[in-house]
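Structure, as structure tokens:
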Amino acid sequence: MTVIGIILVFLLLVLLILFFLKQHWSRRNLPPGPLPLPFIGTLLSGGLTLREDYFRKPVKRYGTIYSLWFGHQLTVVLSGFKTVKEGLTDFPDEFSYRPEDPFLEAFGKGMGIVFSNGHSWKQQRRIGITSLRKLGLGKKSIEHQIEAGAQTLVEVFRQTKGQPFDPSLSVLNAVANVICALSFGHQFSTEDEDFKQLVVALKTIFKFFCGFFHAVYDLFPQIMNYLPGPHKDALGALDFIIEFIKHEIEEHKECHSLHEPQDFIDYYLLQMEKSRNDPDSTYYEDNLAQCIADFCGAGTETSFGTLMWALLLLTNHPDIQEKVQKEIEDAFGSSGSISYQDRRKLPYTNAVIHEMQRLKYALMYGIPRQCNKDVTMRGYHIPKGTFIITDLRSVLLDPEQWETPEEFNPNHFLDKDGKFINREEFLSFGMGERVCVGQQLARIETFVFLTSLLRAFSFRLPEGVKELNEDPIPKMTMHPYPYKLCAIPIQA
């Protein structure tokens with residue numbers, strides 16, 4: 001090597017050392033974390049593949065508040081019940097914004113409930129909560145629609161005649177139809193071609209989120225806009241969903257009555273009419289369409305995952321399944337309907353449902369937030385613009401809060417007398433200002449569907465199968481691997 005070559009190598013080493021020293025100095029007050037690399041940040045620190053413990057593993061080294069870098073974007077992870085609660089309780093406003101994420105911006109365009117901020121978010125959230133509460137009342141309430149959907153699912157399962165089958169498509173159709181009933185006031189036949197396309201579009205979007213191409217898009221959004229790939233499929237799927245929704249909105253505008261709202265579109269159109277002279281109103285049709293798209297995405301995917309895990313766990317644990325069925329039989333016999341209010345008569349069943357949601361949380365982590373001003377938490381500086389991840393999975397598996405965190409143990413939600421107890425640590429729907437708008441709907445849906453199915457069937461392993469795989473597929477939504485089970489009819 002020539003003298004000039006040696007000098008150049010030496011200068012390069014000096015520059016690299018100075019770069020890392022500068023990086024280290026500028027981040028001295030941030031929460032600890034792995035050393036970020038130029039352009040890619042800490043993406044390689046957790047390995048090339050996503051794992052169930054991706055966000056929990058760094059806790060052993062860095063503690064329950066630590067930093068990660070996705071490209072140049074600083075992300076602070078809050079892990080464990082005490083830290084998550086502290087963050088969302090002490091900084092409710094500061095940690096209430098959604099991230100300025102390139103793909104989410106292209107996806108939601110700052111509208112709807114899930115991805116909006118500021119005044120628009122407050123108005124969309126308010127109409128969402130108000131409408132859901134009103135739709136829970138009366139003879140045509142959403143619970144009655146859920147009960148009808150549950151009975152349809154029972155009939156679909158009955159057609160399998162006790163033979164092994166994959167329940168995923170029929171469960172997905174059922175939960176998607178619950179959102180349709182809530183939003184449009186009616187359900188669809190599973191043979192309806194538009195409904196089939198709606199379900200396919202939802203699956204396309206779910207598959208894309210938090211995958212490799214999502215990360216690449218966020219790192220290079222300007223380039224990715226000109227390239228083909230799964231991101232184009234996901235955005236195309238959203239376009240189909242929005243057009244599907246807008247068609248329903250137009251039909252409502254032609255025949256709805258402002259005085260007798262029957263579904264979310266009716267309530268939203270009524271609010272638009274009331275606010276038409278308000279210059280600060282954000283109630284308009286594009287926001288309405290995005291709100292329903294949010295319902296379709298968030299409500300369908302999480303409820304689907306919850307029910308698929310529930311059927312798997314009940315099949316793998318026949319003793320717990322039989323105990324639930326006995327409690328239902330003792331309280332209600334084999335006839336008559338069971339409503340959500342009846343959960344008080346079924347403490348063990350209620351405990352089992354909560355334990356399923358705890359052990360097999362439907363998401364990889366809580367939907368990210370963004371810090372909207374500089375804050376100091378536990379002596380660490382968290383600058384404005386930082387992404388905040390509340391690792392709700394770590395809360396639900398926190399060994400300091402749960403007696404047997406890695407086991408399916410309904411006793412986590414029962415006192416010594418067998419009565420159901422609410423646990424503050426049960427944060428499957430989040431907490432604070434961004435707590436899930438549809439949590440009551442999800443609770444009703446899970447309870448009604450499972451009690452209806454367990455009154456009609458005993459779920460058993462197919463012949464020759466010793467146990468269904470309880471490992472999740474590690475993505476944004478943590479679903480089980482595909483499986484088959486047998487729905488054995490219970491004789492009334």
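Just so you know, all these numbers are worked out from the coordinates, no wet-lab data involved. Not measured: the values here are computed from a predicted model. Counting neighbours? That spans all protein chains shown, and the Cβs are built from the backbone with ideal geometry, glycine included.
With both residues required to sit in the chain, DSSP beta bridges show an antiparallel share near 80%.
Restricting the calculation to Cα atoms, the stretch 194-302 yields a radius of gyration followed by a Dmax of 16.7, 50 Å. Placing dummy labels 7 Å off each Cα toward the beta-carbon, the span from residue 148 to residue 275 is 2.9 nm. With the simple model of a label 7 Å out from the Cα in the direction of the Cβ, residue 166 to residue 373 spans 5.2 nm. All other residues with a Cβ under 12 Å from the Cβ of residue 108 taken together, and with Lys, Arg as +1 and Asp, Glu as -1, what is their net charge? In short, -3. Estimated at 0.36 nm per residue, the fully extended path between residue 319 and residue 380 surpasses their Cα-Cα distance by 17.2 nm.
Note on residue 246 and residue 475: with the Förster distance fixed at 25 Å, the Cβ-Cβ geometry gives a FRET efficiency of about 0.30.
For residue 458, the residues whose modelled amide H falls within less than 5 Å of its own, excluding neighbours fewer than 5 places apart on the same chain, are 488, 490. The protection proxy used here, the mean number of other Cβ atoms lying within 10 Å of each residue, ranks peptides 177-186, 409-418, 151-160 as follows, highest first: 177-186, 151-160, 409-418. Our summary gives the stretch 37-194 a relative contact order of 11 percent, counting only alpha carbon pairs under 8 angstrom and 6 or more residues apart. By the rule of a C-alpha distance below 18 Å, with chain neighbours fewer than 8 residues away ignored, the lysines paired with residue 109 are 122, 232, 246. At an R0 of 35 angstrom, the distance between the Cβ atoms of residue 488 and residue 407 translates into a FRET efficiency of 0.85.
For the pair residue 126 and residue 466, a Förster radius of 45 Å applied to the C-beta separation gives a FRET efficiency near 0.35, rounded to the nearest 0.05. Bridging of residue 253 to lysines at a Cα separation below 19 Å is possible for 274, once same-chain residues fewer than 8 apart are set aside.
A dipole drawn for the stretch 117-246 from +1 and -1 charges on Cβ atoms has a positive end, and of 230, 136, 181 the residue lying farthest that way is 136.
In the chain, the calculated helix contribution to ellipticity at 222 nm averages -15500 deg cm²/dmol per residue, counting -39,500 (n - 2.57) for every DSSP H run with n ≥ 4.
In terms of the mean number of neighbouring beta-carbon atoms within 10 Å, the peptides 163-174, 227-238, 328-339 order highest first as 163-174, 227-238, 328-339.
Which angle between 0 and 90 degrees, to the nearest 10, do you get for helix 118-135 versus the longest principal axis of the chain when only C-alpha atoms count? The angle comes out near 10 degrees.
If I fit a long axis through the Cα atoms of helix 81-90 and take the longest principal axis of the Cα atoms of the chain, what angle between them do I get, 0 to 90°, rounded to 10? It works out to around 80 degrees. I'd like the distance between the alpha-carbon centres of the stretch 425-492 and the stretch 87-160, rounded to an integer number of Å. First find each Cα centre; the distance between them is then 19 Å. Seen from residue 375, the other residues with C-beta closer than 9 Å to its C-beta sum to a net charge of -1, counting Lys and Arg as +1 and Asp and Glu as -1. Distance between the modelled labels on residue 440 and residue 423, one decimal in nanometres: 2.5 nm (7 Å Cα→Cβ projection). Sorting the segments 300-311, 427-438, 463-474 by their mean number of nearby beta carbons within 10 angstrom, highest to lowest, gives 300-311, 427-438, 463-474. With a threshold of 23 Å on the Cα-Cα distance, the over-threshold entries among 373/475; 326/419; 203/360 are 373/475. Neighbours of residue 303, meaning other residues whose beta-carbon lies under 11 angstrom from its beta-carbon, give a summed charge of -1 when Lys and Arg score +1 and Asp and Glu score -1.
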